[in-house]
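S.K.: Structure provided below as C-alpha cells; questions to follow.
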Amino acid sequence: MYPNKVVMKKFTLILFLLIGLHSYGQNWTKITLATTLSIDFPSIPQIDTNDEIRIYFVSDSTFAVAAVLLKNPVNMNEIIKGSGLDEYYEGMTAGTLAATKNSVLLKSSSITLEDFPGCEIIFTGDLGEMTDVFSISRYFVIGDLTYTFTFRNFDEQVQNDLSRKFFNSVQLIK
C-alpha cells in the first residue's frame, strides 16, 4: 500500500518544517569581536589567532560561516576620509576571488553597518573537492580593524534563513 497524496504532502511539510527548525532554531552563540561589535554563530566557533588576524569559524556538511578580524597595517583614517575606502574594498574583493579557485563574481554592492560603509560580494567558486560553492562576504572597516563576515553554502539549496540570521546578527557595541 502506498500512502495517499494528502498524507505525503503533510509528511513532506512536517519534514521541511523540522529541518528548518533544526537549522534556524538551533542555539546560536553571541560572540563579541574586539570591543567594537558582536555577531551570532550557529554554535561555538573555533578560533584561530595570531598578532595580525583572528578567525572565528563554524562549519558543518551544508554550510560554513566565518568572521575575520584583520588588524589594518596602515592608518585607515586617512583612507576612509578620501575615496580610498572603495579602492580598499575592491582590493579585498580581488583578494577573496583570487583565493577561490574558479571564482565568479555574481554581485558586488555597497552596504552600511549603521554609519560605517561596507561592501558585500556574492560569488561562486571551488573549495577543495566542492565546486560552485555559493558564498556571500561582507567587509567593514571600523577603527583599526577590517571585519570580514562570510557565509558559504555547500548544499545545492541556498540556506537563505541561515545566512540572513548570521548577517543580521552583526551589531555595533555602544
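The values are calculated or read from the model by the stated rules, or taken from the named source; none is laboratory data. Note that the structure is predicted; figures quoted are calculated from it, not measured. Here Cβ is always computed from backbone atoms with ideal geometry, including for glycine, and neighbour counts include all displayed protein chains.
S.K.: Can you go through D48, D60, D40 and tell me which one is acidic (D, E), modelled with pLDDT of 90 or more, out of contact with any Cys (no Cβ under 7 Å at 6 or more places or on another chain) and within 18 Å of L127 (Cβ to Cβ)?
M.R.: After ruling out the rest, the residue left standing is D48.
S.K.: Would you say T96 is among the polar types (S, T, N, Q), within 14 Å of the chain's Cα centre (by Cα) and part of a helix (DSSP H, G or I)?
M.R.: yes
S.K.: Could you go through the range 126-143 and let me know if any residue there is in contact with a Cys (Cβ under 6 Å, 6 or more places away or on another chain), closer than 21 Å to I53 by Cα and part of a strand (DSSP E or B).
M.R.: yes
S.K.: Looking at (1) surrounded by fewer than 11 Cβ atoms within 10 Å (Cβ to Cβ); (2) farther than 17 Å from A67 by Cβ, which one does A99 not meet, given that it meets all the others?
M.R.: Against the list (1) surrounded by fewer than 11 Cβ atoms within 10 Å (Cβ to Cβ); (2) farther than 17 Å from A67 by Cβ, A99 comes up short only on (2).
S.K.: Any idea which of I122, I111, I142 is surrounded by 13 or more Cβ atoms within 10 Å (Cβ to Cβ) and more than 22 Å from A34 (Cβ to Cβ)?
M.R.: On inspection, the qualifying residue turns out to be I122.
S.K.: Quick check on the range 99-114: of everything there that is among the β-branched types (V, I, T) and assigned to a strand (DSSP E or B), which residue is farthest from Y147 (Cα to Cα)?
M.R.: Among those residues, the one meeting the criterion is V104.
S.K.: If T131 meets every condition in (1) in contact with a Phe, Trp or Tyr (Cβ under 6 Å, 6 or more places away or on another chain); (2) within 18 Å of S103 (Cα to Cα); (3) of a type in the set (S, T, Y) apart from one, which number is that one?
M.R.: Only one criterion is unmet by T131, namely (1).
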